[in-house]
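Structure first, commentary second.
The values are calculated or read from the model by the stated rules, or taken from the named source; none is laboratory data. Here the structure is a predicted model, which is why all the values come from computation and not from measurement. Ideal geometry is used to build each Cβ from the backbone, glycine not excepted, and the neighbour counts take in all protein chains shown.
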Amino acid sequence: MNEDTDYEGKKINPKTWRTILSFAANRRKSFVIILGGGMVAGIIDTAMSFMSRWAIDGFMIPGSREHLGLFAFAALGLQVLMAVLTMIYCRAAGHLEANLTADVREAAYTRLQGMSFSYFDKTSTGHLISRLTGDIGRITEMISWTCIDLGWGIMAVVASLLAMFLVNMKLALITIVAVPVVAVLSVWFQKKILSYQRKTRKLNSMITSSVNEGIMGAQTSKTLNRESLNNEEFNIQTRDMYRASMRSATISAIYMPLASLVISLVSGFVLIAGGHDVQHGVLTIGTLNFFLNIGNMMFEPIRNFAGIFSDFQSCQAAAERVADVLVSVSEIEDSPEAIEKYGDFFHPKKENWEKIRGDVDFDHVSFWYLEGEPVLTDFNLHVKAGENIALVGETGGGKSTIVNLACRFYEPREGTIRIDGVDYRERSQIWLQSNLGYVLQTPHLFSGSILENIRYGRLEATDEEVKEAAKLVGADEFIRKLEKGYDTDAGEGGSNMSTGQKQLISFARAILADPAIFVLDEATSSIDTETEQRIQAAADKLLRGRTSFIIAHRLSTVRNADRILVIDGGKVLEQGSHKELMAKKGRYWELYQNQFRREKLDESVEELNKF
Ligand SMILES: Nc1ncnc2c1ncn2[C@@H]1O[C@H](COP(=O)(O)OP(=O)(O)OP(=O)(O)O)[C@@H](O)[C@H]1O
Ligand SMILES: [Mg+2]
């Protein structure tokens, strides 16, 4: 269970939050509206206490109606202002939540896309991304709505303190004695409650897995006579869980009344001291009431702050995972000059991006993954814009390496790769990658619906456009047949899809982005003939006019390519069109014959099996 990290009581790390909040820099306006709105609401709340004081001292006690109209007008005005304000900042918070989620997701996703492959060698991508989607949602929701509480809370406390000291020093001093008491109580109790909740969740997941094990392993237990042992373990776990839940409930049950008791005690002291002054005529009843009101109001944000603190704490693990991705350093870095001109992942300067044509040039490129084990040596290849290139050859020949270099997932160790005549290292990775569509040998889908998965190609695409892209690549039909259609969760439902079907979905994702350069690294195995034919048909249609690299394992897929390269040992053995290469009767012809024979053999075996 990788979720264990969530159960650990993580300390809040400001650095993590700074990273995440740096994304909010673009959303300054929303923050200002929310925080500002909250603050004004805090001031209005304080002003309402003054209004009650005015009502009591000005009208009720003297039984006067002088200025009643003004009072009514002011009271109504404040209430209307409050209503409008609430509407504005709630809307802004919803807006911020949605935008921030999109910003962070896009940045994280781009970051992952731009990450060199060695990063993926070390990190389990599917898991990483599915966690990421959930984590980001949780964090941005918390940040957006916490802002309101924070703005309101800070201002409510500051304004009430100020008001109290302005109105009556003695009563103000009595009231603020309780502030640290309530603050300490709240923090302590919230922490305790959080830790028991974590413990309960952890035990719960242990019990679930025990139950699974108990049922799945029932047969083995029977033969091994482990039943009584299993039972005992299970009983201990359930008892622990019961105890932890009870503790958490008990502590919650103590906290609320205890905090109320402290606040009531303060009200009691205010009443004693203030009542005395009222009797002696040095204090008005309105002012006494003002203190009782404001005391109650001021403690709410203080209790809230403790809640905010524990919210941040419980999101710490999630925030760290997200921040990890956002700052993870790709082994491929843009040069300072490139960043200066083209911007970086977070702040792309799209206005400076050259339109891409799609010429790709490998100029004396050498490459190795491991020192001393060269994969490509002095490799040269010129691909004209719009040319469809197919790469075929034995496994391990270096086909994927060539396209990974073209995509700048890796950079040449020696030599240069030029796109439209310019060394791609002089431009930014994001410039290239946003002009690039690729379907990888092992496609990964992200947790979230199929619709969302395809939409990652172009985040602003409408549902209709997404479905159109799926239709274009021939994925629409099988997606519709899934139980929930486009809403099927690709994470969970992904296990029911074949590699070929997943490739079709990535294909739709890639095509949605309308890239100038397209890369398709066909799945080696487990791709059924029907899906293969679909991919082939879609490729034929969609690749016209785009520079493309297709790596195919079934030669029938590449017959229509403008140029076929036979790659072996990191070298181009032969190249030409299907016709030319067949006429040459060289390596390609051999591969073709072999495959043809193998297919015939498979067919005969199938025929035989029928009998
Ligand atoms: N991440 C890596 N680290 C180290 N060596 C690697 C890595 N990826 C590939 N190689 C090695 O580089 C060589 C070329 O591999 P590559 O994946 O480019 O071949 P391929 O032609 O795509 O093969 P296939 O047809 O099986 O997909 C192989 O010897 C392989 O073992
Ligand atoms: Mg490969």
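A few notes on this one:
- Which listed residue, of VAL439, VAL383, VAL375, is within 10 Å of ligand 1 (Cβ to nearest atom) and within 26 Å of LEU591 (Cα to Cα): VAL375
- Among the candidates LEU581, LEU520, LEU543, residue that is closer than 23 Å to GLY437 by Cβ and either away from ligand 1 (no atom under 16 Å from the Cβ) or small (Gly, Ala, Ser) (or both): LEU543
- SER449 being at pLDDT below 85, surrounded by fewer than 23 Cβ atoms within 10 Å (Cβ to Cβ), away from ligand 1 (no atom under 16 Å from the Cβ) and within 20 Å of ALA539 (Cα to Cα): no
- With respect to (1) within 16 Å of ligand 2 (Cβ to nearest atom); (2) in a loop (DSSP other than H, G, I, E, B), the lone exception for SER506 is condition (2).
- Scanning the stretch 413-427 for any residue that is small (Gly, Ala, Ser), more than 16 Å from ligand 2 (Cβ to nearest atom) and either under 19 Å from PHE518 (Cα atoms) or surrounded by fewer than 23 Cβ atoms within 10 Å (Cβ to Cβ) (or both) turns up at least one such residue.
- Checking each residue of the stretch 596-605 against the condition of being surrounded by 15 or more Cβ atoms within 10 Å (Cβ to Cβ), at pLDDT 80 or above and assigned to a helix (DSSP H, G or I) gives no match.
- Checked against the criterion of being more than 13 Å from ligand 2 (Cβ to nearest atom), at pLDDT 90 or above and on the phi < 0 side of the Ramachandran plot, the stretch 434-444 contains not a single residue that satisfies it.
- Residue within the stretch 464-471 that is away from ligand 1 (no atom under 16 Å from the Cβ) and touching a Cys at 6+ places or on another chain (Cβ under 8 Å) present: no
- Meets criteria (under 20 Å from LYS399 (Cβ atoms) and either aromatic (Phe, Trp, Tyr) or modelled with pLDDT of 80 or more (or both)) for ILE511: no
- Test: ASN388 is away from ligand 1 (no atom under 16 Å from the Cβ) and closer than 15 Å to ILE551 by Cα: yes
- Matching option when the condition is outside any loop (DSSP other than H, G, I, E, B), within 12 Å of ligand 1 (Cβ to nearest atom) and closer than 16 Å to SER400 by Cα, among ILE550, ILE567: ILE567
- Residues of the stretch 524-559 that are within 15 Å of ligand 2 (Cβ to nearest atom), closer than 17 Å to ASN594 by Cα and at pLDDT 75 or above: ALA552, HIS553, ARG554, THR557, VAL558.
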